[in-house]
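What follows is a set of notes on a single structure, which appears directly below.
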Amino acid sequence: MGRWGRARMRDKSRGRFSNEPRSHVFDPGQMYTRHLRERGIKGNFVLANLPNVTAQQLFYTSYAMGFCENSNEGYPQRHVKTSTVALTHHRVNIPLANSDGFGDAFRCLRGTPMNPHVKCKFWRFQ
């Protein structure tokens, strides 16, 4: 049944997300492979000072770094009460865990939190 159980998005919930920027809910792995394919980029490139970090790992890391923030004790509680946007660690970890390529890029074991057996697919690139 997966870690989300029988959860389904109801029409009321769908309406709440209809105006949400696509950057908040998407598969970064699909975005990465589409980016490479559209530009005809092949092969695996590395940075000179990070020779053991693959291009895929760099992509996912740069995606996560885009959400970096400086938070202090009590921030999550205040954020939940005052914001309509999900907490940053959810905006990073949930899309990455559900991305087809993330678990492979970082060699996460299948069935672990960052590489679940059942992945939620919200957006699909055409």
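The values are calculated or read from the model by the stated rules, or taken from the named source; none is laboratory data. The model shown is predicted, which means the values in this text are computed figures rather than measured ones. Using ideal geometry, Cβ is built from the backbone for each residue, glycine included, and neighbour counts are taken over all protein chains shown.
Among the residues of region 95-109, which ones are within 22 Å of H35 (Cβ to Cβ) and either loosely packed, with under 15 Cβ neighbours inside 10 Å or of a type in the set (F, W, Y) (or both)?
D100, F102, D104, F106
Being modelled with pLDDT under 85 and either within 23 Å of C120 (Cβ to Cβ) or aromatic (F, W, Y) (or both), is that true of even one residue in region 40-50?
The answer is yes; a qualifying residue exists.
I want to confirm something. Restricting to region 69-83 and keeping residues that are assigned to a loop (DSSP other than H, G, I, E, B), without any contact (Cβ under 8 Å) to a residue 12 or more places away in the chain and of a type outside the set (S, T, Y), which single residue is nearest to G101 (Cα to Cα)?
Ranking the qualifying residues of region 69-83, first place goes to N70.
I want to confirm something. Restricting to region 45-67 and keeping residues that are hydroxyl-bearing (S, T, Y) and touching a Pro at 6+ places or on another chain (Cβ under 8 Å), which single residue is surrounded by the most Cβ atoms within 10 Å (Cβ to Cβ)?
Residue satisfying both the conditions and the ranking: Y60.
Any idea which of T88, T84 is surrounded by 14 or more Cβ atoms within 10 Å (Cβ to Cβ) and of a type outside the set (F, W, Y)?
Values: T84 fails: surrounded by 14 or more Cβ atoms within 10 Å (Cβ to Cβ).
None of the others qualify; the one that does is T88.
Just checking, which of A64, A86 is at pLDDT 80 or above, part of a loop (DSSP other than H, G, I, E, B) and of a type in the set (A, V, I, L, M)?
None of the others qualify; the one that does is A86.
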